[in-house]
Amino acid sequence: MSIETILVLNAGSSSIKFQLFKGEESVLSGQIDGLGANAWVKGKSAEGETLMDRALTAEEAQNHNTALQVILALVHQFDPNVEVDAIGHRVVHGGTQFTHPVLVTEEVEKELEAINNLAPLHNPHNLAGIAGAKAAFPGKPNVACFDTAFHRTQEFKNEAYAIPLKFYEEGVRRYGMHGQSFHFISEELHNVAPEIANGKIVVAHLGNGASMCAIENGKCVTTTMGFTPLDGLAMGTRCGLIDPGVVLYLIGEKGMSVEEVGHLLNKESGMKGLSGISQDMRDLENSDSPAAKKALEYYDNRVKRELGALVAVMGGIDALVFTGGIGENSSLTRAGVCEGLEFLGIEIDEEANKARAKDAITISKPSSRVKIMAIPTNEEGMIARQTRAICEA
Ligand code: AMP
């Protein structure tokens, strides 16, 4: 089956992000936000022309199914003759069983429902997006692409927590996230730096959510996110790695409920909690406040600490790649992370590092043993690629 036009959907609790691909090229993108209250749709062409920017009617905003009809109308407004051949869905959690993208069948939907508890904030909405797409595009193939799948090559020693084994067996494992981004960067290296593409790579995906991955020969060795997206690096509003004793203290001594602790660690921590100013890196970089400076130092130090661990576990490093909103744009963060790592063969070039990564850039000195790069990620493009591969197989 030849697949030309693919719609990629990323359905969240109150939002649906979408991108339309013709071949490898993204031609239309946008999102619906605020489902449930004051829903709004925005859509623009690849050239940046705004095609839709309006509130949804109450009828359109009822649920994911009705909202998808708005996206469908936008796709037809963009190209009246368009035929969507397949729909690719971002699904956050694939549990232990989904190690690759999969064509959605009724059986797959049932299996996915059964693991909703592993990602209650995400997977049920991803499934609602699948149900909506089935209704909006009857008879067209839907493909589920999982954030966790790329990390299923981790060995037990990197995947398990040291708690009684029965928990590992029932699924309490280090799943990892951002798999589409890591997979994309790993493939992109074959285009932009083929000499190291099969080597030992550490990718730092630094965005609002953030994680790092050690990749050898295109396969994940290990990653910093764990059972949930709370683990690993400090993020915009998430705490990252924390002593579980702190959680026990908050519940046992401070009398906080599970919901309150969840909110604190997911929404009030990270850069926002440490700085007391903002979760946005740009605000912190532009602030003169000592608290912002401390938060930024903390951030870089966490990345550095995880980098050391990933390099040790992988037994070396040939390239360090920054990606995500912060990794692609913040020369301050990249410089801060690399500072003092000459002993590892990491030497950043101050001048080259000033650039933003609109395309892949190399920011290491010619003398640096480790190649340092910043590469724009393309998670939706990766989903489109995987969707095509599954449908054409
Ligand atoms: P993402 O989740 O990948 O979209 O990344 C969002 C993060 O990227 C936010 O913390 C932004 O502050 C950060 N970001 C975007 N542009 C810049 C920039 N020019 N300098 C520093 N941080 C940036």
Original post:
Mind checking whether some residue in segment 335-355 is within 14 Å of the ligand (Cβ to nearest atom), out of contact with any Leu (no Cβ under 9 Å at 6 or more places or on another chain) and among the aliphatic types (A, V, I, L, M)?
Top reply: yes
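For segment 7-27, check the following and say yes or no: at least one residue is of a type in the set (A, V, I, L, M), under 23 Å from Q180 (Cβ atoms), in a loop (DSSP other than H, G, I, E, B) and open to solvent by less than 40 Å² (accessible area, probe 1.4 Å).
Of segment 7-27, the ones of a type in the set (A, V, I, L, M) are 7-9, 11, 16, 20, 27.
Filter again for under 23 Å from Q180 (Cβ atoms), leaving 7-9, 11, 16, 20, 27.
Going one step further and asking which of them are in a loop (DSSP other than H, G, I, E, B), we end up with none.
Taking every residue of segment 7-27 in turn, none turns out to be of a type in the set (A, V, I, L, M), under 23 Å from Q180 (Cβ atoms), in a loop (DSSP other than H, G, I, E, B) and open to solvent by less than 40 Å² (accessible area, probe 1.4 Å).
Within the group A67, A37, A61, which residue is crowded, with 20+ Cβ neighbours inside 10 Å and in a loop (DSSP other than H, G, I, E, B)?
Details: A67 fails: in a loop (DSSP other than H, G, I, E, B); A37 fails: crowded, with 20+ Cβ neighbours inside 10 Å.
On inspection, the qualifying residue turns out to be A61.
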Original post:
Within segment 105-115, can one find any residue that is open to solvent by less than 60 Å² (accessible area, probe 1.4 Å) and small (G, A, S)?
Top reply: no
Original post:
Can you pull out the residues in segment 40-58 that are open to solvent by 70 Å² or more (accessible area, probe 1.4 Å) and either aliphatic (A, V, I, L, M) or on the phi > 0 side of the Ramachandran plot (or both)?
Top reply: A58
Original post:
Is it fair to say A309 is at negative phi, in contact with a strand residue (DSSP E or B) (Cβ under 6 Å, 6 or more places away or on another chain), assigned to a helix (DSSP H, G or I) and of a type outside the set (F, W, Y)?
Top reply: no
Original post:
Given the residues E347, E285, E328, which is the only one that is under 21 Å from the mean Cα position of the chain (by Cα) and of a type outside the set (A, V, I, L, M)?
Top reply: E328
**OP:** Return the total of residues in segment 59-106 being free of Cβ contacts under 8 Å to residues at least 24 places away in the same chain and closer than 25 Å to H178 by Cα.
**Re:** 2
**OP:** Return a yes/no flag: does segment 185-193 have any residue that is within 26 Å of L112 (Cα to Cα), out of contact with any Gly (no Cβ under 8 Å at 6 or more places or on another chain) and more than 16 Å from the ligand (Cβ to nearest atom).
**Re:** no
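Which ones in segment 146-168 are farther than 20 Å from L241 by Cα and not β-branched (V, I, T)?
Applying the first criterion (farther than 20 Å from L241 by Cα) to segment 146-168 yields 146, 149-150, 152-153, 155, 164-166.
Answer for segment 146-168, where residues must be farther than 20 Å from L241 by Cα and not β-branched (V, I, T): F146, A149, F150, R152, E155, P164, L165, K166.
One line per residue, one yes/no per condition, for (1) without any contact (Cβ under 8 Å) to a residue 12 or more places away in the chain; (2) within 16 Å of the ligand (Cβ to nearest atom); (3) closer than 25 Å to D359 by Cβ; (4) hydroxyl-bearing (S, T, Y):
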position: I196; (1), (2), (3), (4): no, no, yes, no
position: A210; (1), (2), (3), (4): no, yes, yes, no
position: A214; (1), (2), (3), (4): no, no, yes, no
position: V247; (1), (2), (3), (4): no, no, no, no
position: L265; (1), (2), (3), (4): no, no, no, no
position: S275; (1), (2), (3), (4): no, yes, no, yes
**OP:** Report yes if some residue within segment 346-361 is open to solvent by less than 10 Å² (accessible area, probe 1.4 Å), among the aliphatic types (A, V, I, L, M) and in contact (Cβ under 8 Å) with a residue 40 or more places away in the chain; otherwise report no.
**Re:** no
**OP:** Could you check how many residues of segment 277-306 are open to solvent by less than 30 Å² (accessible area, probe 1.4 Å) and free of Cβ contacts under 8 Å to residues at least 24 places away in the same chain?
**Re:** 3
**OP:** Could you check how many residues of segment 194-232 are surrounded by fewer than 23 Cβ atoms within 10 Å (Cβ to Cβ) and part of a loop (DSSP other than H, G, I, E, B)?
**Re:** 16
**OP:** Would you check if F78 is open to solvent by 20 Å² or more (accessible area, probe 1.4 Å), touching a strand residue (DSSP E or B) at 6+ places or on another chain (Cβ under 7 Å) and of a type in the set (A, V, I, L, M, F, W, C)?
**Re:** yes
**OP:** Please specify each residue of segment 131-152 satisfying the condition of being basic (K, R) and more than 14 Å from L103 (Cβ to Cβ).
**Re:** R152
**OP:** Could you tell me which of the residues K22, K42 is without any contact (Cβ under 8 Å) to a residue 40 or more places away in the chain and under 27 Å from P229 (Cβ atoms)?
**Re:** K42
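Looking at D288, D300, D359, can you tell me which residue is in a loop (DSSP other than H, G, I, E, B) and either within 16 Å of the ligand (Cβ to nearest atom) or touching a Leu at 6+ places or on another chain (Cβ under 8 Å) (or both)? Quick ask: steps written out before the conclusion?
Values: D288 fails: either within 16 Å of the ligand (Cβ to nearest atom) or touching a Leu at 6+ places or on another chain (Cβ under 8 Å) (or both); D300 fails: in a loop (DSSP other than H, G, I, E, B).
It is D359.
The values are calculated or read from the model by the stated rules, or taken from the named source; none is laboratory data. For clarity, every value in this text was computed on a predicted model and none was experimentally measured. Neighbour counts run over all protein chains shown; Cβ positions are idealised from the backbone, glycine included. To get the accessible areas, we keep the full protein, side chains included, count just its heavy atoms, and leave off ligands, DNA and RNA. Shrake-Rupley method; radii C 1.70, N 1.55, O 1.52, S 1.80 Å.
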